[in-house]
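> Can you keep this structure in mind? I'll have questions shortly.
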Amino acid sequence: MNLIPINSSNAPAPNGHYEQGIVVEKLIFTSMQLPSADRNDRLLPIHDQAIRCFNNLISIVEAGGGSRKSLIKVMIYTTNMNDWNSINDSFEKVFGDKKVVRGVVGVTHLHLGLKWLLMLLH
């Protein structure tokens, strides 16, 4: 099996022993992404944090040869399930009419005190 690492300069660089993404055959797997590595992002409104997460992940997918139109699945980890409307609004802003399979998981804490963490499968 040929594993091809993905590195996008438009997304935060890995802060540990992992790749931003990996291409396997015709599939693209991404690492989970925070809005950025900047601690001040935790002060941004939830919707803005989500859009930054999506943009980071889409840049990784594009660097791996994919596009937002061919995404399959999005996993969202959030510290507040009451942000459901923001989740839906963010999806609509990023994807428009395109619908993907998604999962939303409530967690008690995320790195740097941020509110959202996303992972995609293309």
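The values are calculated or read from the model by the stated rules, or taken from the named source; none is laboratory data. Remember, it's a predicted structure, so these values are computed and weren't measured experimentally. Cβ sites come from the backbone with ideal geometry, for glycine too, and all protein chains shown count toward neighbours. Surface areas here come from the heavy atoms of the whole protein model, side chains and all, with no ligands, DNA or RNA. Shrake-Rupley method; radii C 1.70, N 1.55, O 1.52, S 1.80 Å.
> Can you pull out the residues in the stretch 63-118 that are exposed (fewer than 11 other Cβ atoms within 10 Å of the Cβ) and touching a Gly at 6+ places or on another chain (Cβ under 6 Å)?
Answer for the stretch 63-118, where residues must be exposed (fewer than 11 other Cβ atoms within 10 Å of the Cβ) and touching a Gly at 6+ places or on another chain (Cβ under 6 Å): there is none.
> Quick one: Ser90 ticks every box in (1) within 23 Å of Asn10 (Cβ to Cβ); (2) without any contact (Cβ under 8 Å) to a residue 40 or more places away in the chain; (3) among the hydroxyl-bearing types (Ser, Thr, Tyr) except a single one, so which number is it?
Result: Ser90 passes all but (2).
> Moving on to the next point. Would you confirm whether or not the stretch 27-35 contains a residue that is open to solvent by 50 Å² or more (accessible area, probe 1.4 Å) and under 13 Å from the mean Cα position of the chain (by Cα)?
Yes: the stretch 27-35 contains one or more residues that are open to solvent by 50 Å² or more (accessible area, probe 1.4 Å) and under 13 Å from the mean Cα position of the chain (by Cα).
> Right, next: Out of the residues in the stretch 10-26 that are without any contact (Cβ under 8 Å) to a residue 12 or more places away in the chain and open to solvent by 70 Å² or more (accessible area, probe 1.4 Å), which is farthest from Lys69 (Cα to Cα)?
So, considering only residues that are without any contact (Cβ under 8 Å) to a residue 12 or more places away in the chain and open to solvent by 70 Å² or more (accessible area, probe 1.4 Å), the one farthest from Lys69 (Cα to Cα) is His17.
> Also: Looking at the stretch 70-100 only, could you name the residues that are among the hydrophobic types (A, V, I, L, M, F, W, C) and farther than 15 Å from Leu57 by Cβ?
The answer is Met81, Trp84.
> Condition check: basic (Lys, Arg) and either touching a residue at least 60 places away in the same chain (Cβ under 8 Å) or in contact with a strand residue (DSSP E or B) (Cβ under 8 Å, 6 or more places away or on another chain) (or both). Does Arg52 satisfy that?
no
> Here's something else I'd like to know. State whether the residues of the stretch 39-61 include one that is at pLDDT 85 or above, acidic (Asp, Glu) and open to solvent by 50 Å² or more (accessible area, probe 1.4 Å).
no
> Scan the stretch 95-120 and report the pairs whose first residue is at pLDDT below 90 and part of a helix (DSSP H, G or I) and whose second residue is open to solvent by 60 Å² or more (accessible area, probe 1.4 Å) and among the basic types (Lys, Arg), with Cβ atoms within less than 8 Å and a gap of 6+ or a chain change.
Taking only residues 6 or more apart or on different chains, the pairs are Phe95/Arg68; Leu112/Arg39; Leu112/Arg42; Gly113/Arg39; Gly113/Arg42.
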